[in-house]
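Novice: Here it is, the structure, as C-alpha cells.
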Amino acid sequence: MQFILATRHYAGLGFALRLRDEGHDVLLGFSGIDDRRALESYHLVGQGLVRKAPLGELIDDRHRHRNAIWIWDENHSVRENELLRREGFRVLGGGAFADTMEHDRDACLAFVSQYGLTPPPSFAFDDSCAAVAFLDEHRDTAYVYKPDRGENYETWLPQSDNPAEANVELRQHLRSLRTHTSFVLQELKQGIETNVEVWMVDGEPRFAFMTLESKKKLAGDLGDLVGCAFDFAFAVPIESRSVCESIGRLFPAYAEMRYTGFADANFIVARDGNWFFEKCERFGYNAHPNLLWNLNRDSLADTFASVVDGSFTPNFAPGFGASCSMYMDHRAPGKVIQFPESIAGNLYLYDAYRDGELLLTAGYYDDVLIANAFGYTIPTAWEAVLAKANEVKFPGRSFRIDGGGTEYPSSPLRRYEALLAMGFL
C-alpha cells in the first residue's frame, strides 16, 4: 500500500516509520513553517529515515497518488485536506470539522451544548485588570487561566487546594502578566479528569478507549504543563457510562455527518456533575502511539486502511498500554540517540534523523521520542515502559519515573480506581 503522511511539525514521523517497516511505500509530506530560525532543524527531522516532499508539491501532483491513503497527523492544511476529500481521495484525519473542534472553542462549545455537554463556567477577558476585578467579586471561587493563544505551559492552575487562596494566587498571577493576548478564566472543578475516544466509521461507533494522562513535566506533578508526560490507554465498552455520558451524546450528530475518524471528549467527573473540557478530533500524542503500539493486534497499515474503507473491526488486547515521553530540557541538534535493536519496536520517534550509522536529534522538538510498553495492570505496564525508557540513551535524557505511583494529584492509578468505583468503566 502507499501512504502519504501530511504533517506540519513532524508529529507523524513515528507512524511513517512504522508503515515503512511494515513494507509499505511511505511519503512524508511537510507543509512547512514560518519561523526561519527553526528551519534548519525542521528540515533535519526524518532525513535519512523516510522519503519526504513538500505537501504543496504532492497536492499539485495528487493524481499520481490517486491510490494512496492520505493521513493527517494533526489539524493543519485544511484547504488541501478538503480538496482531496471533494475529489474522492482516501483521507484519514484532518479537515474543516476536526480543525474547528480543536481550534475554535466557541464553535466547539456551541456544537456540544446542543447534545447536553456542559463546560465549567468560563469568562472571557481582553485585559488582566478586568479579570482581577472579576476575581475580586468572586473571592471564594478558584479559576484556571487559559490564554487563547500560546504554549501549553502558559495555561495556569493555582497550587492551593483552598478556593479563596487559589483565587488570590490567580489575582497575583494576572497582575504579573506582560502579555496582551485574550484569555478565559474557567472555574476550577475538583474531580476525576479523563478522556474517552470513539472510532467512527461512516457515522457508526466501532471502538472506544480511554486514556489517563499526566501533563506536568516533572515528577510529583511539578513543573510546566506539557502535551503529555506519560499516559495509560485501555479499551472500554461503547456501552460504558464513560462513553454514554460524554462523547456518546454526540453520536446522532456523527451519524448525520456520516463521520469517519476519531471522536473524543475530555471531561471531569465531579461531585456536582460531569463537566466537558475540550475535543481534539485528531491523532493524540501520546494516546494513539500508545494504543497502536501496545494494544493493537493488527498491523498499523491494515488498521488505517480498514478505517478508511469502512471494514474496520477492532482487534485490541485487554490490559493497559503505557507511554513515557523522553525529552531534552535544552533541545540541540546532532546528539546521538542510542538503544538496543530489541526495543526499536517500542519507540515512537519525534525528533530524529539518520546520518550514516548514527541516529541523531534534529533539535526541532524538546520531546525526542515516546517509549511504549504493555502490562495487564497499570503498575506492571509502568514497570515495563520504565524498563524500555532506561535502555534509551541521549544527552540530557529526561522523563518522569513516577507513573505508577499514587502520591501526586494526577495519579492515573488512583483515577482509574475512582472511575471504576463510580461505575464509569
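Novice: Taking region 135-155 as the region of interest, how many residues are without any contact (Cβ under 8 Å) to a residue 60 or more places away in the chain and under 30 Å from residue 249 (Cα atoms)? Even if it seems obvious, please write down each step before you answer.
Specialist: Quick first cut of region 135-155, residues without any contact (Cβ under 8 Å) to a residue 60 or more places away in the chain only: 135-151, 154.
Checking which are under 30 Å from residue 249 (Cα atoms) leaves us with 141-149.
Total satisfying the criteria: 9.
Novice: Could you say which residue among 334, 345 is at pLDDT 95 or above, outside any helix (DSSP H, G or I) and more than 16 Å from the chain's Cα centre (by Cα)?
Specialist: Within the list 334, 345, the selection yields 334.
Novice: Name every residue in region 351-379 that is aromatic (Phe, Trp, Tyr), closer than 20 Å to residue 401 by Cα, in contact (Cβ under 8 Å) with a residue 60 or more places away in the chain and not in a strand (DSSP E or B), in order of residue number.
Specialist: Result: no residue meets the conditions.
Novice: Further, regarding this structure: Somewhere in region 277-286, is a residue in contact (Cβ under 8 Å) with a residue 60 or more places away in the chain, touching a Phe, Trp or Tyr at 6+ places or on another chain (Cβ under 7 Å), farther than 27 Å from residue 384 by Cα and not hydrophobic (A, V, I, L, M, F, W, C)?
Specialist: yes
Novice: Take region 393-419 and flag every residue that is touching a helix residue (DSSP H, G or I) at 6+ places or on another chain (Cβ under 6 Å) and either surrounded by fewer than 16 Cβ atoms within 10 Å (Cβ to Cβ) or in a loop (DSSP other than H, G, I, E, B) (or both).
Specialist: Hits for region 393-419 are 399, 403, 404, 406.
Novice: Return the total of residues in region 220-251 being touching a residue at least 60 places away in the same chain (Cβ under 8 Å) and under 20 Å from the mean Cα position of the chain (by Cα).
Specialist: Selection size over region 220-251: 16.
Novice: I would also like to ask the following. Which one of these is free of Cβ contacts under 8 Å to residues at least 60 places away in the same chain, in contact with a helix residue (DSSP H, G or I) (Cβ under 7 Å, 6 or more places away or on another chain), surrounded by 14 or more Cβ atoms within 10 Å (Cβ to Cβ) and within 18 Å of residue 30 (Cβ to Cβ): 78, 132, 91? Outline the logic, then answer.
Specialist: Details: 132 fails: within 18 Å of residue 30 (Cβ to Cβ); 91 fails: free of Cβ contacts under 8 Å to residues at least 60 places away in the same chain.
When all the criteria are applied, what remains is 78.
Novice: Does region 316-331 contain at least one residue that is surrounded by fewer than 22 Cβ atoms within 10 Å (Cβ to Cβ) and within 30 Å of residue 85 (Cβ to Cβ)?
Specialist: yes
Novice: Moving to a separate point now. Restricting to helices (runs of 4 or more DSSP H) lying wholly in region 196-309: which have 2 or more residues that are touching a strand residue (DSSP E or B) at 6+ places or on another chain (Cβ under 8 Å) and within 25 Å of residue 414 (Cα to Cα)?
Specialist: By residue number, 241-244, 287-294.
Novice: Go through region 96-121 and count every residue that is surrounded by fewer than 15 Cβ atoms within 10 Å (Cβ to Cβ) and in contact (Cβ under 8 Å) with a residue 24 or more places away in the chain.
Specialist: Looking only at that region, the number is 6.
Novice: Here is a list: 272, 202. Which entry is among the acidic types (Asp, Glu), surrounded by fewer than 19 Cβ atoms within 10 Å (Cβ to Cβ) and at pLDDT below 95?
Specialist: 272
Novice: Conditions: (1) surrounded by 14 or more Cβ atoms within 10 Å (Cβ to Cβ); (2) touching a residue at least 40 places away in the same chain (Cβ under 8 Å). Residue 168 meets all but one. Number of the miss?
Specialist: (2)
Novice: Pick from region 329-351 the residues that are aromatic (Phe, Trp, Tyr) and in contact with an Asp or Glu (Cβ under 9 Å, 6 or more places away or on another chain): which of them is nearest to residue 216 (Cα to Cα)?
Specialist: Of the residues in region 329-351, the ones aromatic (Phe, Trp, Tyr) are 339, 348, 350.
Add one more test, that the residue is in contact with an Asp or Glu (Cβ under 9 Å, 6 or more places away or on another chain), and what stays is 339, 350.
Numbers: 339: 26, 350: 19 Å.
Across region 329-351, the extreme among qualifying residues is 350.
The values are calculated or read from the model by the stated rules, or taken from the named source; none is laboratory data. Note that the structure is a prediction, hence the values are computed from the model and not measured. FYI the Cβ positions are ideal-geometry reconstructions off the backbone, even for glycines, and counts take in every protein chain you see.
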